[in-house]
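Structure first, commentary second.
Only the coordinates and a few stated rules stand behind these numbers; no lab work does. Because the structure is a prediction, the values reported are computed rather than measured. When we count neighbours, we look across all protein chains shown, and the Cβ atoms used for this are built from the backbone with ideal geometry, even at glycine.
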C-alpha cells in the first residue's frame, strides 16, 4: 500500500493506493482544485495504466471539494484510461461530489458505486 500527503498553498490532498482482487484502488481525501491536487489523479492513473493495470477504482469518499479543474482532471484520467483499454470507475461519492456530477451531466459518463465493495464487485 502506498500513501502520500501532498500539501498545496490552498489545501492538501491525501492519496492512498492499494490492490484488491486485481483492482487498483485509489483513495483520495481533501480538495481537488486548481493548484491543489488537480493533476495528481491524472498522473496516478497514467502511472497505473503504464504499469499494465487495467482495472482502477477511485474512492472519492474523503474528497471535500472539487472545482471545475478537478472535474476536468477526472475526465482526462478517465479518457486516458479508456484510450489504453483500461477501466476507471468511481465510488463513495459525497453528496457534494455527486451533485456536481449530476449538474455537469458527468454522471452519465462515469460508472459510480455507493461503496468500495460495490465498485470492486463491478469488475467481475
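Data table
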quantity	calculated
Rounded if a/c under 1.5, otherwise prolate or oblate - region 50-124, Cα gyration tensor axes	oblate
Whole-Å distance, taken between Cα centres, linking region 89-124 and region 24-71	13 Å
For the chain, calculated [θ]222 nm from helices alone, where every DSSP H run of n ≥ 4 adds -39500 (n - 2.57)	-10000 deg cm²/dmol
Cut-off 17 Å, label 7 Å out along Cα→Cβ of residue 122, residues of region 62-81 by amide N	62-63, 74-81
The chain, relative contact order in percent, only Cα pairs under 8 angstrom and at least six apart counted	22 percent
Calculated FRET efficiency for the pair residue 80/residue 19, C-beta based, R₀ 30 Å, to 0.05	0.95
Residue 114 paired with residue 34, simple spin-label distance in nm, labels 7 Å along Cα-to-beta-carbon	3.7 nm
Rounded, prolate or oblate (a/c below 1.5 giving rounded, otherwise prolate when a/b exceeds b/c) for region 2-121 by Cα gyration tensor	rounded
Sites residue 103 and residue 54 - FRET efficiency at Förster radius 30 Å, r taken between beta-carbons, to 0.05	0.50
Ranked by how many other beta carbons lie within 10 Å on average, peptides 39-48, 92-101, 24-33 from highest	24-33, 39-48, 92-101
Fraction of antiparallel bridges per DSSP, the chain only, in percent to nearest 5	50 percent
